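These notes are about the structure you will find just below.
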Amino acid sequence: MKVKFYILALLVLAVSASCELDNFNEPDADFTGNIVYEGQAIPVARNQVRFELWQSGYGSPAPIDVAIAQDGSFSSRLFSGDYKLIFLPGEGPFRASSDTLYFNLSGNKTMDLNVTPYYMIRGAQFSQSSGTVSGTCGVDQIITGTNGRAVERVTLVINRTQFVDTNSGGEGSIAQVDADLSDLNNLSMSVDIPEDAKKPDQDYIFARIGVKVEGIEDMIYTPVEKLNL
């Protein structure tokens, strides 16, 4: 009888604990926005650039990691409350207007985050002919002086899917080529589509151009371009 009593008591405790877990509130607000410069979103490599959110009011808080999508947007489902947003040192191809931002979240909130990129890609154009993808652009230096950095490389990247960058290996790139940097106002690149990458049921390819700055891991990109083959 005692064994049965103990088993019954354990079952009651388990059910009670389960009910308590079920009664926890779920996140109730969407925090969305873009990383922008002069109102223009800053495209980056998918899920490579991040910032941290810290919610106040907890004894031992842990950061909430928010990844930036390749079009420069972000989205996170959160609890309402007061938050601190932190850009980690060296994160992103830009300098944030402030390393730390404070804001209150009460319901859904859209907030663009202003940054200053080291460079902007201007006038990018793409074309495809006979299995060769070409891209042209200019690169405009935004941050100069003691905080300025030189361009390490400018790269044309192509991929079968819309997720295109130089960091994802086979997932984000099937071919890429660097430009001659002798004239940053007139950059031109061409890359052949690999034969093993061509598929009979796919008559298009995706391309974008990225700029790598010396001493900065993350690249700034153009928006993804879809090219018909």
Counting only DSSP beta bridges fully inside the chain, the antiparallel percentage to nearest 5 is 95
Which of (1) 1.29; (2) 1.37; (3) 1.13 is the computed Cα Rg over 2.2 N^0.38 Å? It is (2)
GluC sites (Glu not before Pro) in the stretch 188-229 lying in a DSSP loop, each with at most 16 other Cβ atoms within 10 Å of its Cβ, come to GLU214, GLU217
Rounded to 0.05, the calculated FRET efficiency for the beta carbons of TRP54 and ALA175 at R₀ = 41 Å is 0.50
The summed charge of the GLU91 Cβ neighbourhood (under 12 Å; Lys/Arg +1, Asp/Glu -1) stands at -3
Heavy-atom accessible area of the chain with neighbours in place, 1.4 angstrom probe: carbon+sulfur share in percent works out to 48
Here, ILE143 and LEU88, labelled 7 Å along Cα→Cβ, have an inter-label distance in nm of 1.7
Each label sits 7 Å from Cα toward the beta-carbon; between ASN228 and SER75 the label points are separated, in nm, by 2.9
Any aspartates and glutamates whose Cα falls less than 18 Å from that of LYS109, other than same-chain ones fewer than 8 residues away, would be GLU26, ASP28, ASP30, GLU52, ASP65, ASP82
Regression test value, accessible area per residue of the chain, probe 1.4 Å, units Å², expected 56
Helix 2-22 sits off the longest principal axis of the Cα atoms of the chain, rounded to the nearest 10 on a 0 to 90 degree scale, by 40
Candidate cut points under chymotrypsin sites (Phe, Trp or Tyr not before Pro) in the stretch 50-86, DSSP loop plus at most 13 other Cβ atoms within 10 Å of their own Cβ, are TYR58
With the label point 7 Å along the Cα-to-beta-carbon line of ASN186 and a cut-off under 14 Å to each amide N, the hits in the stretch 114-151 are 136-139
Two pseudo-spin positions, 7 Å from Cα along C-beta at ASP112 and at ARG95, lie apart in nanometres by 2.1
Site PHE103, offset 7 angstrom along Cα→Cβ, radius 13 Å on amide nitrogen, limited to the stretch 29-46, gives 30-36
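Summing Lys, Arg as +1 and Asp, Glu as -1, what charge do residues with Cβ under 10 Å from the Cβ of GLU52 carry, GLU52 excluded?
Residues near GLU52 contribute 0 overall.
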Expressed in angstrom, Rg and Dmax over the Cα atoms of the stretch 69-180 are 18.0, 56
Percent of all alpha-carbon pairs of the stretch 29-115 at distances over 20 Å, whole number, is 28
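Only helical DSSP H runs with n ≥ 4 go in: add -39500 (n - 2.57) per run for the chain, normalise by residue count and round the 222 nm mean residue ellipticity to 500 deg cm²/dmol.
After summing the helix terms and dividing by residue count, I get -3000 deg cm²/dmol.
The values are calculated or read from the model by the stated rules, or taken from the named source; none is laboratory data. Note that the structure is a prediction, hence the values are computed from the model and not measured. Using ideal geometry, Cβ is built from the backbone for each residue, glycine included, and neighbour counts are taken over all protein chains shown. Ligands, DNA and RNA are stripped out before the accessible areas are found, and what is left, the full protein with its side chains, is counted by its heavy atoms. Shrake-Rupley method; radii C 1.70, N 1.55, O 1.52, S 1.80 Å.
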